Structures are given as structure tokens and as C-alpha cells.
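The values are calculated or read from the model by the stated rules, or taken from the named source; none is laboratory data. In this text the structure is predicted, and so the values were computed from the model without any measurement. Positions of Cβ are generated from backbone atoms using ideal geometry, with glycine treated the same way; all protein chains shown enter the neighbour counts.
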Amino acid sequence: MNRTLLSVLFCTMLALLTSCNRIEIKRTIDPKVVSFSAQYDADFDGVIYPSMILALANYSGTDVKPLFSVSVTAPQNNAVLRVVVDSTALNYVSITQETLQRKGVTYSYTPVIKWKFENLYRLRQQGYIDLTFTCYINDEQVDVKNIRLNYRPVNECLMSLIGADGQYHDYRWLFVAYVNEDHPKIDGILSEILSQGIVSTFDGSRSEKKVQTQMRALWYYALSRGLAYSSISCTSNGSKKTNSQYIRFFGDVYNNRQANCIDACVFFSSIMRRIGIQPIIFVEPCHAYLGYYTDKTRKKIALLETTITGWVNLPELDGHYDEQTHQLEERYFERISKYLTPKQIDKCKNGEMQLDDIKKAISDNLFDRASQYQKDNYSNNKALFADTTQPLYQMLVVENLRQQISPIPASE
């Protein structure tokens, strides 16, 4: 084959390839007619809360507003719509497919996002996510919409928001998601509590007396571990519409031995759920405290102000007790004497109480105070807790809310 012929063949192939690259896919559907749109609920002000997604992952009720929506106008009868959400660090490719039956009618749908739950569990800092929604009609790509959202740490819990309707909406029921009765550390904790000798077994709520004995044992465990009060609750959420709070998970409280009012309620409630005692979290505008049923009929409620665990540091006494004289150093005795009865104070001064006896006496007396601390407050606000139209006062019965709110799994 001579060079001239080779040259002609090469030029012909090049021309064919070039012309192929210039071929334009002819659209049969006008994007303007379809008018595709994708939105994130404006009430949340462009903020996405992984804790809320995890909490409601198993709930299919219609009383919770969907986060995302898409709308499209049918360009013809029985057109097949497919909306594809691209994969990101927080979600898998998600596809919604529907039939648009009547030409000219605008349809709205709630796309199901396939979240990467294992990644949501691990989010401990805020960041941004870009979600891409691609609209196909009869397998033809028609339009693309992008939504950028600010995602929050999984420890951040939505508390309330001012909706597009201008109304206040309370979300503090999401506190229950941080109660984790399945946490793997609880079995070890129960073993430690049994070794304290206050209870020999856990039998849930068979009688009021047994419930209270078990609660005293749990209380003593928390004090023995040195659970301190820490008021940290602020977040970096800059939204003017939503209000949120940082909540420590069960493992965070266990490892760091710090808790504020809701953290401690979550910690106690998790263990209580495991042993069959039914907890209640009473939420007021600026505080939360613990309650629990003491009978099977759920008519009797006992209260507990969990922040009182921070009044004394029992482990601190270990290095200041003289095993020979059976007495605490004077300065430490002065600190804890206000948590003892006059009779117990005399016994301590006479060296008649072992260190464990002193600790248990302090714990019992503080438990009694914690049980009485919120009684007047609860009595005054009881009607508000019962009023479902009053969102600022909520009585969160964990067992009831478990029907819609799942515990956020441990990531430790």
C-alpha cells in the first residue's frame, strides 16, 4: 500500500472520529417544561443533624416531616421519573422512581436517602456536604440540582427551631436517642454494682422497695466512679433558626466522668433500661432531671436530681483515710461531714466507721436529697408536663418513645 493511500485512509478515519465527537444528543424533553426542583426543608436552615437521622432511622410514621423533597411536572402521560442522588461520604447512591400519570400535572415526592450510618456515627466535628440530584424522564437526563448542607457532629442534638410558619417547634424528645440500653459497657458496670454488696441481683420493677434499693446501688456506683458535674453544652451552630445542644454519649460520660443534667439523665436511664426500671426524663426550659416508675402499674413516680452526684468526689477520699485510726484527714472530714447525720459524724470522729461505710453513708444521704430536690418543682409544673400543647415542659417516657426513636449506637 503506497503512502498516498495510507494518507487518505488516515484522514478519512480522523474525520469520522471528529464528526462523532461533535454529535450532540438531541433532547426530546424540555427541562423548562419539567421544572424539576429539589429542596431541603427550609425549617432546618441548611443544617443537617446526623443524630436526628440515626434516631429516626427505623421509624416510618407520617408525623415526622421529611427532610428532602423533589417536584416535577409531567411532560407527557405515564412518563417514568427517576431521581438519582449521587454518592457522598455520608450516603450511597439513592434512586427514587415513580410514574407521572398525567401530562401537565406537578408531582412531589420524598426521595429516600440511603445514608452511610456507620459514617454518621463517627462524625465528631461539623462539615459540609454537597448532594447532587439528577432527574431522568424515560431514561433521558433532563436536569441536575445541587444542595449544599452544613452537617453537625453526632453529639449535637436539635432542641428547637422556628419554622417557616413562624411557630416554635420543640425537638427535645430527641434526647431519648442518646439513651443507649444496649451499650457494651453496661454489663461490666452491672457486675461492678453487684460487687458493691448493696444488691445481689437486678429484678427490674417487681416492688417499690426493690426498685429504690437498686437505684441506691446505681447512685452509689456513680458517686464511687467520681461522676462530676460539667455544664458544657454549647455548639458551633451559627443558625438563627435552630437551637441545639451538645450531649455526651454514654461512653463519653463513662470514660470522662463528667456530665451535665441531660448527660447524667441519659447515663442513668441507659443502665435503668437494661435492668428493667423505666426511666422518665423531665425537661424544662433550662433544665432536665430524672424520674422513674416504682411500680408495675406506672402510677408511682420517684424523682432524682442527677447533678447532685457532683457535690462530692468519693474517690478523692481514698488517699486521705487513715487505716490505723479509721479516720479521715480533718480538712476532708470537714468537706463531707455536711453529708452525714449527727450520729454518723460522731462515729467518724470516734473511728467507728470504715471508709466504705463512710462512702455509702454519704451516698445514701445524697440520694435522699436528690430524691427530694425536685419534688416541689415537679408538683408545681405537673399540669404543664401533662399538657401536650405546652412544648417547653416535657415528660419523656423512654419506653414509649422507643417506638419511634432508636438509640444511637456506640462508636467506641
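The set of residues from the stretch 114-155 being within 17 Å of residue 81 (Cβ to Cβ) and touching a residue at least 40 places away in the same chain (Cβ under 8 Å) comprises 132, 133, 134, 135, 136, 137, 138, 139, 140, 142, 143, 145. Among the residues making up the stretch 256-270, those that are within 26 Å of residue 194 (Cβ to Cβ) and in contact (Cβ under 8 Å) with a residue 12 or more places away in the chain are 257, 258, 259, 263, 264, 265, 266, 267, 268, 269, 270. Within the span defined as the stretch 270-277, one or more residues are touching a Gly at 6+ places or on another chain (Cβ under 6 Å), on the phi > 0 side of the Ramachandran plot and in the same structural domain as residue 248 (by TED's automatic domain parsing).
Restricting attention to the stretch 92-112, the residues that are more than 24 Å from residue 60 (Cβ to Cβ) and not hydrophobic (A, V, I, L, M, F, W, C) add up to 5. Of all residues in the stretch 164-174, at least one satisfies being outside the structural domain of residue 48 (by TED's automatic domain parsing), surrounded by fewer than 20 Cβ atoms within 10 Å (Cβ to Cβ), farther than 24 Å from residue 404 by Cβ and not acidic (Asp, Glu). Of the helices (runs of 4 or more DSSP H) entirely within the stretch 348-412, those holding at least 3 residues that are aliphatic (A, V, I, L, M) and assigned by TED's automatic domain parsing to the domain that holds residue 275 occupy 355-373, 375-386. Annotation: residue 325 fulfils all but one of (1) among the polar types (S, T, N, Q); (2) in a helix (DSSP H, G or I); (3) farther than 25 Å from residue 171 by Cβ; the unmet one is (2). Within the stretch 271-290, how many residues are touching a residue at least 40 places away in the same chain (Cβ under 8 Å) and assigned to a strand (DSSP E or B)? The total comes to 8.
Given the structure, is residue 124 exposed (fewer than 15 other Cβ atoms within 10 Å of the Cβ) and out of contact with any strand residue (DSSP E or B) (no Cβ under 9 Å at 6 or more places or on another chain)? So residue 124 passes the test.
Scanning the stretch 75-106 for residues that are polar (S, T, N, Q) and either part of a loop (DSSP other than H, G, I, E, B) or not assigned by TED's automatic domain parsing to the domain that holds residue 123 (or both) yields 76, 77, 78, 87, 88, 101. Pairs meeting the criteria (first residue in the stretch 38-56 and in a strand (DSSP E or B), second residue of a type in the set (Gly, Ala, Ser), beta carbons under 6 Å, at least 6 apart or on different chains) are 39/69; 47/239. Counting only strands (runs of 3 or more DSSP E) that sit wholly inside the stretch 127-211, those with at least 3 residues that are within 28 Å of the chain's Cα centre (by Cα) and within 23 Å of residue 111 (Cα to Cα) are 127-137, 140-151. Test residue 204 against the stated conditions and say whether it is out of contact with any Asp or Glu (no Cβ under 9 Å at 6 or more places or on another chain), farther than 25 Å from residue 376 by Cα, touching a residue at least 40 places away in the same chain (Cβ under 8 Å) and assigned by TED's automatic domain parsing to the domain that holds residue 190. When the stated conditions are applied, residue 204 passes them.
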